[in-house]
Amino acid sequence: MAEQTMLEPVVDLAGLRELARDMVVISNRRVPLVPNIGVIGGRHSVLVVETGMGPRNAETVLKFAADYAKGRKLYLTTTHFHPEHAFGARTFAGEATYLINRDQAEDLRLKGPGYVGMFRGLGELVARQLEGVELGQPDIVYDQAYDLDLGGRVVQLRATGRAHSKGDQVVQVPDADVLFTGDLVEAGQFAIFPWFPPHDTDVSGTRWLAVMRRLADDRPRVVVPGHGDVGDAQLLADVRDYLQLLRDETWARRDSAMSEETIVEEISALMIARHPEWAGREWIEKGVGCLCAEHCA
Ligand SMILES: [Zn+2]
């Protein structure tokens, strides 16, 4: 999240690519703070997954989706409440039916305003995209699972329980075997632990690992991560294995009463050696902090 403000976090339709029949992704072209955005069509309706950050990005996405839909009814969902995923939902009001899981709706209501302030502090380019932002309100809230019929295609919205945030959900398209993961999975970067005690400690490394084991066991054909290149089930296995190693290495050192600072140093060196090409190295420390707090908890 905080790593780069060199590139403007702008959704660019140059990232458009086809995933399957009547399903596209506006990929983030590896631009930080731009999410991968899905547009999934059925006979009578179209579902948009993620808004981009702020009203101008959301305007781009909405305009694209409306053109794509050619008169079909629009739905919107977001994988979790973080700004680049959900802080454009207000722009869709009246144009699309906004549908999310209950825990995410709570996150948006309780923590959304604080995140607007925190993200404005990340730099001028981010603050510019958040100018005039108003948080959206869901039209439909579900508890654990919602099957959305788009006409000849049913999309499965599934709350995963607390992991990267308190209210993560994944979006599955069974007929094409595609999974949208939000920030439960990133390609080419270390798992993002938004561990900011005392302000936000909802991320859970242990629960996240359990979620990744379940998702990886399903072996979907196509995996659309929150950020980074679209891939396959290997992306899920990579995150699962990383989280497991992070937990095991953290807890083994925690048992030896080593200082947290030394644990961070040793584990960062280990993880960077294992994944030298991954970005976001600053998230290793946050992950260790989170898992230290969860040790014996
Ligand atoms: Zn996130």
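Each listed q (0.10, 0.13, 0.18 Å⁻¹) maps to a log10 I(q)/I(0) for region 144-297, found by the Debye formula over equal Cα scatterers with no solvent: -0.36, -0.59, -1.04. Centre-to-centre separation between the Cα atoms of region 91-139 and those of region 157-178: 19 Å. Between the residues TYR142, LEU245, GLN104, the greatest Cα displacement towards the positive end of the dipole of the chain, with unit charges on the Cβ of Lys, Arg, Asp and Glu, is found for TYR142.
Lysine pair count for the chain (Cα-Cα distance under 23 Å; residues 8 or more apart in sequence or on different chains): 4. Helix-only arithmetic for the chain: the sum of -39500 (n - 2.57) across DSSP H runs with n ≥ 4, divided by the residue total, places the mean residue ellipticity at 222 nm at -12000 deg cm²/dmol. Across the chain, the relative contact order, built from alpha-carbon pairs under 8 Å that are at least six residues apart, equals 15 percent. Summing Cβ point charges (Lys, Arg +1; Asp, Glu -1) relative to the Cα centre of the chain gives a dipole of roughly 740 debye. Spin-label model, GLU106 to ASP67: label points 7 Å out along the Cα-to-beta-carbon direction sit 4.0 nm apart. Short-range pairs are left out: with C-alpha atoms under 8 Å and at least six residues apart, the relative contact order of region 93-231 is 21 percent.
Relative contact order of region 146-200, taken over Cα pairs closer than 8 Å and 6 or more residues apart, is 23 percent. Helix 233-255 axis versus longest C-alpha principal axis of the chain: approximately 30°, rounded to the nearest ten. Considering only the Cα atoms of the chain, their convex hull presents on average a projected area of 14.1 nm². Other residues within the sphere of radius under 13 Å centred on the Cβ of GLN172, judged by their own Cβ, net out at +1 (K and R +1, D and E -1).
Every number in this text was worked out from the coordinates using simple rules, so none of it is lab data. What you see is a predicted model, and the numbers here were worked out from it, not measured in a lab. Methodologically, a virtual Cβ is constructed for each residue, glycine included, from the backbone with ideal geometry; neighbour enumeration extends over all protein chains shown.
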